[in-house]
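What follows is a single structure, written as structure tokens, with notes after it.
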Amino acid sequence: MGNLSDTQIFGSYTPQFLDRHGQASQFQIWINQTAVVNQTTLGKDFWNVAQSIFAHELGHALHIGDLRSGDVLMNQLRDRNKIVKPQPDDINGVNAYVYPKQ
């Protein structure tokens with residue numbers, strides 16, 4: 001966790017040490033504590049918001065992109081107080097990457 005004054009940035013995923021297939025053998029997930037604290041002033045639970053951000057960024061490590069709709073973890077506009085773990089559509093996204101249709 002770190003602090004940024006920009007509360008619109010909740011977190012980031014940075015891959016490191018990419019192999020020849022573009023897979024990251026290591027990565028860094030960063031959570032903006034200022035954004036988390038700002039959410040708690042809106043009545044949301046600190047740990048729910050932090051867990052939601054971490055799980056979202058971990059989704060990027062599993063090759064899931066950002067979404068702008070739906071009640072899913074990878075929706076950038078999700079309720080971070082309520083959606084704190086992968087939802088069925090998130091899991092389907094990982095499965096589609098890992099087990100592509102022939």
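The values are calculated or read from the model by the stated rules, or taken from the named source; none is laboratory data. Note that the structure is predicted; figures quoted are calculated from it, not measured. All Cβ positions, glycine included, derive from the backbone under ideal geometry; neighbour counts span all protein chains shown. SASA here: full protein model, heavy atoms, side chains in, ligands and nucleic acids out. Shrake-Rupley method; radii C 1.70, N 1.55, O 1.52, S 1.80 Å.
Scanning residues 5 or more positions from Gly11 or on other chains, those with amide H under 5 Å from its amide H are Asn32, with H placed 1.01 Å from N in the peptide plane. Legend: calculated FRET efficiency, Thr40 to Asn92, from the Cβ-Cβ distance at R0 = 30 Å, rounded to 0.05, equals 0.45.
Computed on region 40-92, the Cα convex hull volume stands at 64 Å³ per residue. Stretching the chain fully between Phe17 and Leu62 yields a gain of 14.7 nm (0.36 nm per residue, less the alpha carbon separation). For the chain, the relative contact order comes to 21 percent (Cα pairs under 8 Å, sequence separation of at least 6). By its C-alpha gyration tensor, with a ≥ b ≥ c as the square roots of the eigenvalues, how is region 28-67 shaped: rounded for a/c under 1.5, else prolate for a/b larger than b/c, else oblate? Prolate, because a/c is 1.5 or more and a/b exceeds b/c. Counting only heavy atoms of protein chains, what accessible area per residue, in Å², does the chain have with a probe of 1.4 Å? The answer is 66 Å² per residue.
Size descriptor for the chain, Kirkwood hydrodynamic radius: 14.3 Å (Cα pairs only, one decimal). Take 68-74, 31-37 and order them by the average number of nearby Cβ atoms within 10 Å per residue, most first; the result is 31-37, 68-74. Peptides 47-55, 77-85 ranked from most to least packed give 47-55, 77-85, packing being the mean of other C-beta atoms within 10 angstrom over each peptide's residues. Taking every alpha-carbon pair under 8 Å whose residues sit at least 6 apart, region 1-49 reaches a relative contact order of 39 percent. Using a probe radius of 1.4 angstrom, the carbon and sulfur fraction of the accessible surface of the chain is 53%. Relative to the longest principal axis of the Cα atoms of the chain, the long axis of helix 88-98 lies at roughly 30 degrees.
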